[in-house]
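Take a look at the structure below.
The values are calculated or read from the model by the stated rules, or taken from the named source; none is laboratory data. Everything quoted here is computed from the prediction, not taken from an experiment. Here the Cβ positions follow ideal geometry from the backbone for every residue, glycine too, while neighbour counts run over all protein chains shown. Calculation scope for accessible area: heavy atoms of the full protein, side chains included, ligands and nucleic acids excluded. Shrake-Rupley method; radii C 1.70, N 1.55, O 1.52, S 1.80 Å.
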Amino acid sequence: MADKAKINIGANEYEVPIVTGTENEQGLDISKLRAQSGLITLDVGFKNTGSTTSAITFLNGEEGILRYRGYPIEQLAGQSSFVEVSYLLIFGELPTQKQLDQFSHDLRVHTLVHEDMKKFFDGYPSVAHPMGQLASMVCSLSAYYPKSLNPDPTPEDRYMTIIRLLAKMPTLISWIYKKSIGHPIMYPNNNLDYVSNFLRMTFGNPAEEFAASPIVVDAMNKLLILHADHEQNCSTSTVRVVGSSHANLYASITAGITALWGPLHGGANQAVIEMLEAIKADGGNIDKWIARAKDKNDPFRLMGFGHRVYKNFDPRARIIKKAADDVLESLGLEDEILDIAKQIEEVALRDEYFVERKLYPNVDFYSGIIYRALGFPTEMFTVLFALGRLPGWIAQWKEMREQKQPISRPRQIYTGPNERPYVPIDKRG
Ligand code: CMC
């Protein structure tokens, strides 16, 4: 394959290198183009711009392929655990038994959150959105671990910052939930594995024994694995951009959490359930809502449909759709909105509008139905996405620092007024 491309601008010709990845994806390296020609490239929303090389996640949107460090998502979701996948993403290889034991042990012994942080929750109204609270809490961790502020920590200190964040996130999320319903918080039980501990802190109460059902633990592991990384999406790019200024890990992840919050990104899982509820309350008239999604004068979009990179199917959605059926059946539950969701998918996949634009259900379309079956309220869905995405964000942040990437600083094409003199206020029309 060619390793250079030629760009002709007027009478001039410039050579730009072609970068080829291990899956033969190719990109033009235009980093020197401005110095050579005076021109930048313009790509609003980064629709066709690679911001980095990365060895973490491979995604082929045309063929519906997703792999973490080379391992197919279907195999990881079916056979691995969230803790093992976290290790894989962050350190690059599946752990040996000894490595996994050490990693799990380190995660177990750092689950406690500083007692003073409990007071922060007292300041929030009970209706405060969990994502806002989570972002504040994660950023606040930096206050308790000053070594994390060092932009060039020792490998041991960096490891501890990563462990603390992974270990404390379930505790923080469970406390956010407990505060929202006015129940006493639960402290971690470090005899339990990561997911079981999280479920106990969320759904248990201090006066009673609690053991999460294996069906629920399994479903939760699967959901977290499916969300664990997704290459350079909006929140991950945000983490890398913020981290490129050498901001600490807690601050960088906080930025990722806030980026995830929006309904076009992680917030879609909450928006999907609200949409399905609205359709149900409206009498379940699917055609009417599909027509609204197609109407350019109506801001309504079919939430949980469409993806920037998947143009065939989202492999995560396939796994989650099946898991939704399995979980509901295993728990002996029925949910009318699962039927509505399936009907919408069926109608949309036959509709020219969605076919032409290659709009398919994405990861968020069915995930909320499982979260609901597991007992989580709708407002918690996006924090669960954040819990799943955490190891991916950490892996990408770590890779970015190890690659010694320069500070992220895009350019722009200015379209405002040309130079003009200041007009004193009494002379303005
Ligand atoms: N409902 C109706 N029309 C849609 C939808 C939708 N959900 N998604 C895209 N379109 C149309 C859009 O109006 C446009 O039509 P036209 O070409 O006629 O103007 C065309 O499809 C292309 O859409 P786009 O907005 O240019 O595509 P994008 O790559 O910028 O946006 C997206 C991707 C995911 C933001 C968008 O599909 C969307 O808003 N989906 C709903 C929100 C959602 O489910 N988000 C979760 C994404 S997956 C989880 C994650 O990783 O964040």
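Here are some notes:
- Out of 317, 291, one residue alone is within 13 Å of the ligand (Cβ to nearest atom), among the small types (Gly, Ala, Ser), assigned by TED's automatic domain parsing to the domain that holds residue 346 and out of contact with any helix residue (DSSP H, G or I) (no Cβ under 8 Å at 6 or more places or on another chain). It is 291.
- Any hit, the range 16-28, residues being open to solvent by less than 40 Å² (accessible area, probe 1.4 Å) and closer than 29 Å to residue 227 by Cβ: yes
- Only one entry in 292, 301 is touching a Phe, Trp or Tyr at 6+ places or on another chain (Cβ under 9 Å) and either open to solvent by 60 Å² or more (accessible area, probe 1.4 Å) or among the β-branched types (Val, Ile, Thr) (or both), namely 292.
- Restricting 262, 267, 284 to those that are surrounded by fewer than 17 Cβ atoms within 10 Å (Cβ to Cβ), more than 23 Å from residue 60 (Cβ to Cβ), within 10 Å of the ligand (Cβ to nearest atom) and of a type in the set (Gly, Ala, Ser) reduces the list to 262.
- The set of residues from the range 129-165 being under 20 Å from residue 376 (Cβ atoms) and assigned to a helix (DSSP H, G or I) comprises 130, 131, 132, 133, 134, 135, 137, 138.
- Note on the range 1-52: among residues that are touching a residue at least 60 places away in the same chain (Cβ under 8 Å) and among the β-branched types (Val, Ile, Thr), the one that is farthest from residue 70 (Cα to Cα) is 40.
- Scope the range 218-268; condition of a type in the set (Val, Ile, Thr) and either without any contact (Cβ under 8 Å) to a residue 24 or more places away in the chain or not assigned by TED's automatic domain parsing to the domain that holds residue 153 (or both); matching residues: 238, 242
- Close pairs (7 angstrom Cβ cut-off, 6 or more residues apart or separate chains): under 22 Å from residue 222 (Cα atoms) and hydroxyl-bearing (Ser, Thr, Tyr) in the range 302-322, more than 8 Å from the ligand (Cβ to nearest atom) and open to solvent by 30 Å² or more (accessible area, probe 1.4 Å) anywhere: 310/360
- Test result for residue 180, assigned by TED's automatic domain parsing to the domain that holds residue 383, open to solvent by less than 20 Å² (accessible area, probe 1.4 Å) and not in a loop (DSSP other than H, G, I, E, B): no
- Of all residues making up the range 327-379, the number that are touching a residue at least 24 places away in the same chain (Cβ under 8 Å), among the small types (Gly, Ala, Ser) and either exposed (fewer than 14 other Cβ atoms within 10 Å of the Cβ) or more than 12 Å from the ligand (Cβ to nearest atom) (or both): 4
- When residue 410 is tested against (1) more than 30 Å from residue 163 (Cα to Cα); (2) in a helix (DSSP H, G or I); (3) away from the ligand (no atom under 15 Å from the Cβ), just one condition goes unmet, and that condition is (2).
- The set of residues from the range 50-67 being farther than 15 Å from residue 21 by Cα and either surrounded by 16 or more Cβ atoms within 10 Å (Cβ to Cβ) or modelled with pLDDT of 95 or more (or both) comprises 61, 64, 65, 66.
- Within the range 198-215, considering residues that are part of a helix (DSSP H, G or I) and out of contact with any Ser or Thr (no Cβ under 7 Å at 6 or more places or on another chain), the one most open to solvent (accessible area, probe 1.4 Å): 214
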